[in-house]
Amino acid sequence: MEIPSFIEDLQQRLGAMFAASPAGDVQRNLKALLSQQFAKLDLVTRDEFDIQREVLAKAREKIETLEAKVAELELRR
């Protein structure tokens, strides 16, 4: 048996053993409790955050461009 397959096999066996133990029940219950609490908070996903960051970066670029144009126009007066 190769080392990687041995480790994968061991990981699967330990995972199955853990899931069947009371610790597995605690883990499932804790996960459900945390999911409920996070649902109550006003959180955004990482994807939503990244999209908003891109929108903000584009808005900043436009503002900088407009500020430069306004400064140029003010100098022409």
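The values are calculated or read from the model by the stated rules, or taken from the named source; none is laboratory data. Because the structure is predicted, anything quoted here is derived from the model rather than measured. Counting neighbours? That spans all protein chains shown, and the Cβs are built from the backbone with ideal geometry, glycine included. When the accessible area is computed, the model is the full protein with side chains, heavy atoms only, and any ligands, DNA or RNA have been set aside. Shrake-Rupley method; radii C 1.70, N 1.55, O 1.52, S 1.80 Å.
Miscellaneous remarks
- Residues considered: Arg46, Arg53, Arg76. Of these, the only one that is out of contact with any Asp or Glu (no Cβ under 8 Å at 6 or more places or on another chain) and closer than 30 Å to Ala19 by Cα is Arg46.
- Of the listed requirements (1) open to solvent by 100 Å² or more (accessible area, probe 1.4 Å); (2) under 15 Å from the mean Cα position of the chain (by Cα); (3) of a type outside the set (Asp, Glu), Lys31 misses just one: (2).
- The set of residues in region 32-75 that are in a helix (DSSP H, G or I) and at pLDDT below 90 comprises Ala32, Leu33, Leu34, Ser35, Gln36, Gln37, Phe38, Ala39, Lys40.
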